[in-house]
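*Asks:* Here it is: the structure, laid out below.
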Amino acid sequence: MKVWLRGARLRTLPLAIAPVIMGAGTANAAGLFNLQLVLLALVVAVFLQIGVNYANDYSDGIRGTDKNRVGPARLTGGGLAKPKQVLFAALISFGLAAVAGLVVTVMTEQWWFIAVGVLCLVAAWFYTGGKKPYGYAGLGEVVVFLFFGLVATIGTDYIQVLDWNPLAIFAGCAAGCFAVAVLLINNVRDIETDKVSGKKTLSVRIGRKASLFIFDLLLIAPFVIVFPIWLVAPAVFLVNLLLLPVIFILIVANTAKEPKDLIRVLQLTSFTSLLFAIGFTWGLTAVVF
């Protein structure tokens, strides 16, 4: 069980939970909160994230990309599980996400959600799967911003409001910045081994210095993005308390000498995204009540 929990990469799950919380908050601010739909959206997001992690583990493992990795051992590349078992775990996770998504579709009668769900599954698989994975071409950050930022947040809001909410777009951009920051710092850690494996991530293409500069911008951006929301929800200002830990994360990231330091940065950034989402949603709730 410990092996499979490691493969699920629990430290990345806050990135799946955060946009759902923010989407729930923006819908609640519109007076249309629905707990059942939010919980279903959470199931979709969490199992989609776990499925991506297992699929990434499987695809990188059979390609040999993880042979020289400096981070925690992967299930396939580290020989902790058979490739078919890891693939099966990915498919089961995707299946659970799909079932929850279908329930949402039936409850809301928004049948076009099926097309969105298919796109999510395709994006999840082809990150490192297929003959030409986009994660190996430096496009991972773009797709992560779209799906783990905008789609997850706006989607959670939309299934409740059934309309486009500008507040959810702001929230989705903030959530997307955190998700991209985590992926970016992970790729910074793996620059040298990815070069050997032929994995041309954005960090491999632009180098460590430029990657860290973008990472710095991504961690500050959410606080700038939500600034206009203070005008209608002053309590959202609470999220600025997180600037102190963010400054600490930036210092560690830019002075890191060992891979373990960047792993710590990844974990801290992931949990900061969750705290930001909670603070943001509480701020909106304070307005409603």
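*Asks:* Return a yes/no flag: does the range 251-264 have any residue that is assigned to a helix (DSSP H, G or I), under 25 Å from G172 (Cβ atoms) and not small (G, A, S).
*Replies:* Scanning the range 251-264 turns up no residue that is assigned to a helix (DSSP H, G or I), under 25 Å from G172 (Cβ atoms) and not small (G, A, S).
*Asks:* OK, next. Return the residues of the range 23-41 that are in a helix (DSSP H, G or I) and either in contact (Cβ under 8 Å) with a residue 60 or more places away in the chain or within 15 Å of G117 (Cβ to Cβ) (or both); say none if nothing qualifies.
*Replies:* Result: G23, A24, G25, T26, A27, N28, A29, Q36, L37, V38, L40, A41.
*Asks:* Look through R74, R63, R6 and report the one residue that is basic (K, R), more than 14 Å from the chain's Cα centre (by Cα), closer than 17 Å to N186 by Cα and surrounded by fewer than 24 Cβ atoms within 10 Å (Cβ to Cβ).
*Replies:* From the options R74, R63, R6, the qualifying one is R6.
*Asks:* Those residues that are within 11 Å of N165 (Cα to Cα) and at pLDDT below 95, I need them from the range 13-33; list them, please.
*Replies:* A29, A30
*Asks:* Enumerate the pairs (first residue in the range 97-118 and over 23 Å from I17 (Cβ atoms); second residue anywhere and part of a helix (DSSP H, G or I)) with beta-carbon separation below 7 Å, excluding pairs fewer than 6 apart on the same chain, so at least 6 apart or on different chains.
*Replies:* Short answer, once both residue conditions are applied: W111/T105; I114/T105.
*Asks:* Determine, yes or no, whether T153 is out of contact with any strand residue (DSSP E or B) (no Cβ under 8 Å at 6 or more places or on another chain) and either assigned to a loop (DSSP other than H, G, I, E, B) or closer than 25 Å to P259 by Cα (or both).
*Replies:* It is false that T153 is out of contact with any strand residue (DSSP E or B) (no Cβ under 8 Å at 6 or more places or on another chain) and either assigned to a loop (DSSP other than H, G, I, E, B) or closer than 25 Å to P259 by Cα (or both).
*Asks:* Let me ask something else about it. Hey, among the residues in the range 191-249 that are hydroxyl-bearing (S, T, Y) and assigned to a helix (DSSP H, G or I), which one's farthest from F280 (Cα to Cα)?
*Replies:* S197
*Asks:* For the range 121-140, which residues satisfy the criterion of being assigned to a helix (DSSP H, G or I) and surrounded by 22 or more Cβ atoms within 10 Å (Cβ to Cβ)?
*Replies:* Result: A124, G135, Y136, G140.
*Asks:* Could you grab me the full set of residues in the range 128-171 that are among the aromatic types (F, W, Y) and touching a Lys or Arg at 6+ places or on another chain (Cβ under 8 Å)?
*Replies:* The one that is among the aromatic types (F, W, Y) and touching a Lys or Arg at 6+ places or on another chain (Cβ under 8 Å): Y136.
*Asks:* Condition test on V224, is it under 22 Å from D60 (Cβ atoms) and β-branched (V, I, T)?
*Replies:* no
*Asks:* Continuing with this model, one more query. Within the range 213-233, restricting attention to residues that are of a type outside the set (V, I, T) and touching a residue at least 40 places away in the same chain (Cβ under 8 Å), which residue is surrounded by the fewest Cβ atoms within 10 Å (Cβ to Cβ)?
*Replies:* Out of the qualifying residues, it is P228.
The values are calculated or read from the model by the stated rules, or taken from the named source; none is laboratory data. Owing to the predicted nature of the structure, the values given are computational and were not obtained by experimental measurement. Quick reminder, even Gly has a Cβ in these numbers, built from the backbone with ideal geometry, and neighbours come from all protein chains shown.
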